[in-house]
Structures are given as structure tokens and as C-alpha cells.
Amino acid sequence: MPLPHADTLVTYPDGDTTSTGVVLHVEPLGDGRSAVLLDRTAFHPVDTAWPDQPADRGALHAGAGAFPIVDGLTGGIHDGVLALGADLPVRTGTPDWTFVVAHVVDGDAPAVGDEVRVEVDAAYRAALSAGHTACHLAALALDAALADAWTKPAPTDALGHPAFDSLAIQSSRIEPHGSVDVYRIGKSLRRKGFDAATLTEPDAVAAVAARANELLAGWIAAGGAVRIERDDEALSARRTWACDVDGRHVTIPCGGTHVDGVAALESVEVALEAEPVEGGLQLAMRTKVTSSR
């Protein structure tokens with residue numbers, strides 16, 4: 001079966017949880033599963049380069065019935081070869097590649113040429129979107145709360161504070177109504193001017209969390225629009241999270257899904273935990289949306 005020559009068009013950045021598309025290719029995966037490629041989809045896959053947000057849950061509906069989607073992966077096509085997930089050797093957007101969303105189904109799959117309806121679990125998507133928006137806000141609040149810990153000028157975030165989050169981040173995981181971010185403070189960050197002593201005492205760590213939560217409470221109370229800005233619907237198009245925070249227009253590159261306004265989050269709180277690791281210090285930030293509309 002021929003492989004697509006154009007990127008999958010994706011509508012999940014606009015908040016869509018349903019879409020209609022045509023099956024362009026079905027790739028057997030060798031374990032009874034198949035990867036179904038459509039021309040258009042509302043289904044959010046795991047991003048291979050930065051797999052912070054899990055794949056949506058949902059199903060494909062065609063004339064032959066419903067096909068539950070057991071996984072959603074980013075894939076790339078080059079020289080007639082499809083690479084999926086961890087086997088994709090390049091970042092989305094690399095020239096001379098075609099990038100696709102692979103809907104993984106177990107057992108029977110719709111046929112090439114079938115028109116299918118994608119239906120995403122809207123409640124699960126909403127919970128992940130709340131967690132992802134809260135994650136970005138928490139990162140900005142953490143940067144602000146640690147601003148006095150820098151002894152040298154450092155690259156800044158969208159609010160003008162030293163960008164601890166982007167400089168120290170090791171991993172990020174979006175969860176329903178929350179997230180977990182892990183940071184490493186080692187020699188490289190200390191050379192850039194970060195004073196690790198700020199996070200070596202429990203009381204100091206608690207004070208940083210309290211300051212971040214104070215900022216978050218103010219931002220949530222003020223509200224603000226949230227949207228995804230992009231040039232077109234192609235999967236490889238650059239997408240940017242945009243939000244009005246503290247009276248400023250803030251943008252962060254992001255391929256995930258989000259709520260449509262800060263007002264959708266009734267409250268966001270972070271908890272910090274620091275522990276020594278070989279060669280430095282590890283900081284874990286757990287962000288929780290305590291309730292959402």
C-alpha cells in the first residue's frame with residue numbers, strides 16, 4: 001500500500017475531539033496491531049521528541065464498526081519507509097520527511113479508502129488539557145519564585161525572569177489535572193549563575209513553593225485567554241501556546257492540547273521536593289489542578 005506524501009492534518013490544537021478522515025494507509029505492526037494513517041484527525045498522539053502529553057483515548061468508526069485506538073504515535077516517512085514512535089530518528093518538521101499520526105488498533109482495522117469518524121474521549125482530553133495549561137503556568141511561576149537565586153545574567157522566560165525551567169528541565173509528564181516536572185541542578189547550571197543553596201534546606205524549598213503558589217493564585221484569579229497559534233493544520237507546522245499572564249502576552253512552543261482560558265482552572269498548586277543526586281541536586285515539581293470547570 002502506498003504511503004502518504006503529505007503530513008496528517010491535525011485539528012486537536014483547535015480543541016476538536018471529533019473529525020472525519022480517509023484511511024490512506026494501514027501498516028501491520030507484527031503483533032496483531034496495525035497503524036492506521038488518515039488524511040485528517042482530531043486524535044492527539046505522543047510526540048516522539050518531547051513525549052510529555054500522553055496520547056488521547058478514542059476510537060475509529062467506519063462502516064465495518066468501531067475500532068478502539070490503543071495507542072497514538074507520531075510517525076515519519078522518508079524514502080518510502082515509515083518510522084513510528086521511538087524508531088523515528090528525526091524531529092517533527094525535518095525537511096524531506098512526511099509526518100503522520102498513527103492510530104494504533106488491535107486486531108481488525110478499517111480498509112484503505114474508508115471514510116472514518118474519529119471520536120476522542122472528551123473528558124480525558126479535558127483533564128490532560130487542564131494539566132498541560134497548568135504545567136506551563138507552574139513553570140513560569142517557578143521561574144519567578146527562583147529569580148533571586150541567580151548571581152549572573154541568564155536567558156529569560158516569556159515573563160522576563162531567568163529561565164530555570166527551560167535550563168534545568170530533565171523530564172515533564174502531563175497527567176489528568178496535573179503534571180510532574182523533574183529538574184537537575186548540576187555544575188552546568190551553577191556555572192550559569194544558579195545558587196543551588198536556595199534549594200538545599202526544606203524551609204527554603206517550601207518558601208519557593210509558597211511564592212510560586214501565591215503567583216499562581218493571582219494569575220488564576222485574573223483569568224486570561226489561552227490559545228494555540230499555528231500557521232496551518234499540518235502536523236509538522238510549528239505550534240505555540242499563547243496566554244495572557246500578569247498583563248502580558250506569553251508564548252511557549254508546544255505541541256499539546258490546552259483549555260481555552262485560565263478561567264477554566266479554578267486553582268493550581270505546586271509542591272516541590274529536592275533531593276541530592278550524584279553530581280548535584282534534583283528538584284521535582286508536582287502541579288495539581290485542584291478543581292476545574
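The values are calculated or read from the model by the stated rules, or taken from the named source; none is laboratory data. All values reported here derive from a predicted model rather than from experimental measurement. Please note: Cβ atoms are built from the backbone with ideal geometry, for glycine as well, and neighbour counts cover all protein chains shown.
Kindly indicate whether Val105 is among the hydrophobic types (A, V, I, L, M, F, W, C) and in a strand (DSSP E or B). Yes: the conditions hold for Val105.
The set of residues in the stretch 91-100 being within 18 Å of the chain's Cα centre (by Cα) and closer than 19 Å to Pro253 by Cβ consists of Arg91, Thr92, Gly93, Phe99.
Only residues that are part of a loop (DSSP other than H, G, I, E, B) and either of a type in the set (D, E, K, R) or on the phi < 0 side of the Ramachandran plot (or both) were counted across the stretch 176-190, and they come to 2. Which one is nearest to Ala206 (Cα to Cα), of the residues in the stretch 240-277 that are more than 20 Å from the chain's Cα centre (by Cα) and acidic (Asp, Glu)? Once the filter is applied, the top-ranked residue is Glu273. For the stretch 38-61, the count of residues that are among the basic types (Lys, Arg), within 18 Å of Glu233 (Cβ to Cβ) and outside the structural domain of Val180 (by TED's automatic domain parsing) is nonzero. Checked against the criteria, Gly224 counts as in the same structural domain as Ala141 (by TED's automatic domain parsing), buried (at least 17 other Cβ atoms within 10 Å of the Cβ) and at positive phi.
So for the stretch 115-124 (the condition being assigned by TED's automatic domain parsing to the domain that holds Leu38 and closer than 14 Å to Ser34 by Cβ), does at least one residue qualify? Within the stretch 115-124, one or more residues are assigned by TED's automatic domain parsing to the domain that holds Leu38 and closer than 14 Å to Ser34 by Cβ.
Note on the stretch 145-169: residues that are part of a helix (DSSP H, G or I) and buried (at least 20 other Cβ atoms within 10 Å of the Cβ) amount to 4.
Taken together, the criteria exclude His103 from residues that are in the same structural domain as Thr287 (by TED's automatic domain parsing) and either more than 18 Å from the chain's Cα centre (by Cα) or surrounded by 15 or more Cβ atoms within 10 Å (Cβ to Cβ) (or both). Within the stretch 186-214, take every residue that is under 23 Å from the mean Cα position of the chain (by Cα) and not polar (S, T, N, Q) and give me the one that is farthest from Cys254 (Cα to Cα). Result: Ala209.
Quick one: would you say Ala127 is more than 22 Å from Asp246 (Cα to Cα), assigned to a helix (DSSP H, G or I) and not polar (S, T, N, Q)? Yes: the conditions hold for Ala127.
Please note which strands (runs of 3 or more DSSP E) are completely contained in the stretch 45-102 and include at least 1 residues that are in contact with a Gly (Cβ under 9 Å, 6 or more places away or on another chain) and of a type in the set (D, E, K, R). Because the criterion is at least 1 residues that are in contact with a Gly (Cβ under 9 Å, 6 or more places away or on another chain) and of a type in the set (D, E, K, R), the strands (runs of 3 or more DSSP E) in the stretch 45-102 that meet it are 65-78. Look at the stretch 150-176: where a residue is assigned by TED's automatic domain parsing to the domain that holds Ala212 and a partner is polar (S, T, N, Q) and assigned to a loop (DSSP other than H, G, I, E, B), sitting 6+ places away or on another chain with Cβ atoms under 6 Å, you get Ile174/Gln53.
Of all residue pairs spaced 6 or more apart or on separate chains, those with beta-carbon atoms under 7 Å, a first member in the stretch 89-110 that is of a type in the set (D, E, K, R) and a second member that is in a strand (DSSP E or B) are Asp96/His78; Asp106/Arg33; Asp106/Val70; Asp108/Phe67. Tell me, yes or no, whether the stretch 11-20 has at least one residue that is at pLDDT below 95, part of a loop (DSSP other than H, G, I, E, B) and of a type in the set (Ser, Thr, Tyr). Looking for residues that are at pLDDT below 95, part of a loop (DSSP other than H, G, I, E, B) and of a type in the set (Ser, Thr, Tyr), one finds none in the stretch 11-20, hence no.
The condition (being hydrophobic (A, V, I, L, M, F, W, C), surrounded by fewer than 16 Cβ atoms within 10 Å (Cβ to Cβ) and not in a strand (DSSP E or B)) is satisfied by just one residue among Ala204, Ala212: Ala204. Inside the stretch 244-281, residues that are crowded, with 19+ Cβ neighbours inside 10 Å and more than 18 Å from Ile220 (Cα to Cα) make up a count of 7.
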